[in-house]
1. Tell me yes or no: at least one residue of the range 384-391 is within 27 Å of the chain's Cα centre (by Cα) and either hydroxyl-bearing (S, T, Y) or open to solvent by less than 60 Å² (accessible area, probe 1.4 Å) (or both).
2. Across the range 385-412, what is the number of residues that are touching a residue at least 24 places away in the same chain (Cβ under 8 Å) and of a type in the set (D, E, K, R)?
3. Exactly one of (1) surrounded by 15 or more Cβ atoms within 10 Å (Cβ to Cβ); (2) at pLDDT 75 or above is unmet by P63. Its number?
4. Please verify whether P462 is crowded, with 22+ Cβ neighbours inside 10 Å, part of a loop (DSSP other than H, G, I, E, B), under 22 Å from the mean Cα position of the chain (by Cα) and modelled with pLDDT under 80, treating the condition exactly as stated.
5. Return the pair list, or none, for Cβ contacts closer than 8 Å from residues in the range 97-114 that are among the polar types (S, T, N, Q) to residues that are part of a loop (DSSP other than H, G, I, E, B) and surrounded by fewer than 18 Cβ atoms within 10 Å (Cβ to Cβ), at least 6 apart or on different chains.
6. Tell me, which residue of the range 100-151 that is open to solvent by 40 Å² or more (accessible area, probe 1.4 Å) and outside any helix (DSSP H, G or I) is modelled with the highest pLDDT?
7. Within the range 234-249, track down each residue that is under 14 Å from N212 (Cβ atoms) and part of a strand (DSSP E or B).
8. Filter the range 241-265 down to the residues that are among the charged types (D, E, K, R) and in contact (Cβ under 8 Å) with a residue 40 or more places away in the chain and list them by number.
Amino acid sequence: MGAADSKEGECTMLKLYEPAKLDLKKYIFFTGKGGVGKTSTACATAVTFADRGNKVLLISTDPASNLQDVFETTLDNKGVQIQGVPNLTVLNLDPIQAAYEYKESVVGPYKGKLPESVIKNMEEQLSGACTVEIAAFNEFSNYLTNKELEAKYDYIIFDTAPTGHTLRMLQLPTAWSTFISESQHGASCLGQLAGLEDKKDMYKNAVNNLANAELTTLVLIAKPEYSPLFEASKTSHELKELGVKNQILIINGIFEGDAGLCDISKRLVEKQTTALQNIPEEIRNLPAYKIPLRDYNVTGIEKIRLMLKSNFLTDSSEVVEIKGYHKLNELIGYLHAQNKKVLFTMGKGGVGKTTLAASIALGLIARGEKVHLTTTDPANHLKLLVESTENLTVSSINPEEAVKKYRQDVLEKAKQTMSQEDLSYIEEDLRSPCTQEIAIFNVFASIVDACDEEVVVIDTAPTGHTLLLLDATETYHKEVARIKGDLPDAVKKLLPRLRNAQETEVIIVTLPEATPVYEAQRLEEDLKRAGIHTNWWIVNSSFSLVDTEQPLLTAKAKAERMWINRVYDLAKGHIVLLPWLKENITAKTLPKFFE
């Protein structure tokens with residue numbers, strides 16, 4: 001049945017995900033936002049087929065891969081046969097290392113021959129998420145087009161699929177135009193393709209195999225929540241446009257326990273039912289399946305096998321004490337006492353950044369501050385939570401409008417010197433994540449620049465890569481002076497301001513689960529690389545702080561504690577821990593939730 005058939009109280013009517021009963025093709029790609037269960041579902045699928053006698057190769061290209069933890073064995077990039085599952089071979093590619101090696105292969109020949117500022121600019125062009133994606137695609141393209149492997153294995157399963165942006169880039173000629181090499185904007189993702197001309201045919205074959213419905217199944221993974229379902233919808237649309245149409249949807253973590261044991265479990269069922277009732281149109285009619293919520297971490301062969309069966313295992317591990325945490329009011333008091341002027345809530349989608357940005361803004365106003373609160377969330381949930389008052393200015397930045405204006409500016413300048421053929425490179429470059437971040441960052445800079453008398457609270461921060469791109473570009477053009485005056489003054493002023501820990505605070509928001517914590521840690525490292533100080537972490541939506549008698553939720557709360565303690569160590573005790581909320585957050589109820 002399709003996801004559209006889910007009605008109130010009928011979440012359990014979704015068919016159970018049983019891979020052996022589905023027409024899954026030789027190449028199976030699992031994709032979805034962090035923390036939705038891509039790796040565990042990919043592992044369980046691989047083990048299911050291997051147990052049936054199929055020869056299976058499982059490959060991870062996830063920079064935050066925890067395959068080694070799941071299988072409780074050391075893995076490499078050559079392939080390891082899993083003990084207890086003789087038909088299964090697993091390999092763990094490292095796209096970050098591959099990206100580093102690729103970057104060195106491109107930049108290395110120019111070291112000592114070009115000015116250091118030029119080298120710095122080139123290295124930063126090749127240091128972002130797009131480079132990692134290209135490196136990952138470069139790695140698994142070999143496995144997607146290798147005829148010997150195709151004959152050897154019945155199924156080749158990939159944990160993490162390429163994005164639509166990556167596939168679009170690989171369909172373009174792999175030349176790096178003069179405009180990009182001289183561009184004042186520094187937003188290029190096409191630079192990642194420099195030097196890959198010799199692999200164009202392999203990429204073309206890989207993209208063709210991805211779009212071949214007789215060879216490939218793309219599996220979208222989501223949780224029964226708004227943000228992961230919205231992300232799955234965007235991914236589905238992007239890939240359909242590129243011909244990757246053989247898609248199915250798996251909704252992981254559907255609560256099916258006894259909801260009558262406590263109010264918390266009842267509210268959890270209501271929330272997930274609402275999310276499924278409002279599933280986005282793009283994925284509404286895809287074949288949809290469920291995986292019930294488990295009360296244990298999927299590690300070890302026994303639990304991998306249990307994951308896709310109807311029974312579940314209650315975790316019997318010892319209860320770990322939480323090392324310590326602060327309340328949100330303590331963090332707000334710290335921000336006020338330290339006279340912080342620019343605040344970012346930063347983290348992956350779905351962790352609660354918008355709600356926390358609004359809560360922090362209200363807390364500062366209660367302490368006598370004037371605040372400008374802004375967001376780049378296209379849904380603009382801020383308007384449902386707060387509205388402008390005498391001491392609060394609420395605004396939203398429309399990412400589409402910001403990018404549209406930015407693209408127009410870049411293309412107008414490009415048209416003055418470039419042919420129509422060369423413009424295709426620039427147009428693709430301007431679809432990149434880097435372009436959107438820089439376009440939005442320009443608007444951020446204008447807001448901060450105009451609000452010296454207020455505290456600016458920004459929901460969604462730029463990555464360290466974006467900041468380094470802007471900084472490298474500014475330095476590069478100061479010295480080379482090819483193009484002048486194109487980096488806005490507000491951006492030039494904001495870059496050093498963000499590096500000033502006396503003025504700026506970046507607050508990292510995460511959830512008490514493995515993947516969100518790993519991803520938040522990578523974000524922190526990215527910011528540090530850009531010279532941005534980080535201090536406080538918020539762990540949101542924890543069952544450890546709620547009163548529940550439901551056995552499955554109690555076990556989940558127990559499993560969270562190791563991740564809470566890991567964040568405690570990472571943040572050196574500067575951690576705020578917030579409970580899972582049974583009530584919906586509205587303008588009326590927001591203040592009491594985080595008292």
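The values are calculated or read from the model by the stated rules, or taken from the named source; none is laboratory data. Since the structure is predicted, the reported quantities are computational estimates derived from the model, not experimental observations. Cβ: placed from backbone, ideal geometry, glycine included. Neighbour counts: every protein chain shown. Side chains are part of the model used for accessible areas, which takes the heavy atoms of the whole protein and leaves out ligands, DNA and RNA. Shrake-Rupley method; radii C 1.70, N 1.55, O 1.52, S 1.80 Å.
1. Yes, that holds for at least one residue.
2. 3
3. With respect to (1) surrounded by 15 or more Cβ atoms within 10 Å (Cβ to Cβ); (2) at pLDDT 75 or above, P63 is out only on (2).
4. Judged against the criteria, P462 is a match.
5. S105/G195
6. My answer is N146.
7. Answer for the range 234-249, where residues must be under 14 Å from N212 (Cβ atoms) and part of a strand (DSSP E or B): just Q247.
8. E241, E256, D258, D263
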